[in-house]
Amino acid sequence: MGLGTKNRQNQTAEVCKLHLRETHKNQLLLVEEFVLEIEGAGKNQDTTKWQQFTDMKGDTEEMLGRLDASFNKWLNP
């Protein structure tokens, strides 16, 4: 995997986490639990799992919409 690909994956992960933390400020503990469920922790941490919210067009608005939908579904199964 090239350095550029790894950087884009990390950037996607950071954008997603920042969006969740800003959008759901009143639910930060739940946001952190959701983040841990998505990417794991410690040796099992994998930031590439945030790629599930991206699409071929690279549309950030679409990605964040998918992320919000997933978070809301996770909150209200």
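Which ones in segment 53-77 are under 12 Å from the mean Cα position of the chain (by Cα), under 24 Å from ASN7 (Cβ atoms) and without any contact (Cβ under 8 Å) to a residue 12 or more places away in the chain? Answer for segment 53-77, where residues must be under 12 Å from the mean Cα position of the chain (by Cα), under 24 Å from ASN7 (Cβ atoms) and without any contact (Cβ under 8 Å) to a residue 12 or more places away in the chain: just GLY65. If we scan segment 53-61, do we find a residue that is modelled with pLDDT of 95 or more, within 20 Å of ARG8 (Cβ to Cβ) and hydrophobic (A, V, I, L, M, F, W, C)? No - not one qualifying residue is present in segment 53-61. Here LYS17 meets each of (1) surrounded by 17 or more Cβ atoms within 10 Å (Cβ to Cβ); (2) more than 14 Å from the chain's Cα centre (by Cα); (3) basic (Lys, Arg) with one exception, condition (2). When segment 20-45 is filtered for residues that are out of contact with any Lys or Arg (no Cβ under 7 Å at 6 or more places or on another chain) and either in contact (Cβ under 8 Å) with a residue 40 or more places away in the chain or surrounded by 14 or more Cβ atoms within 10 Å (Cβ to Cβ) (or both), the ones remaining, listed by number, are LEU20, ARG21, THR23, HIS24, GLN27, LEU30, PHE34.
The values are calculated or read from the model by the stated rules, or taken from the named source; none is laboratory data. Note that the structure is predicted; figures quoted are calculated from it, not measured. Virtual Cβ from ideal backbone geometry, glycine too; neighbours counted across all protein chains shown.
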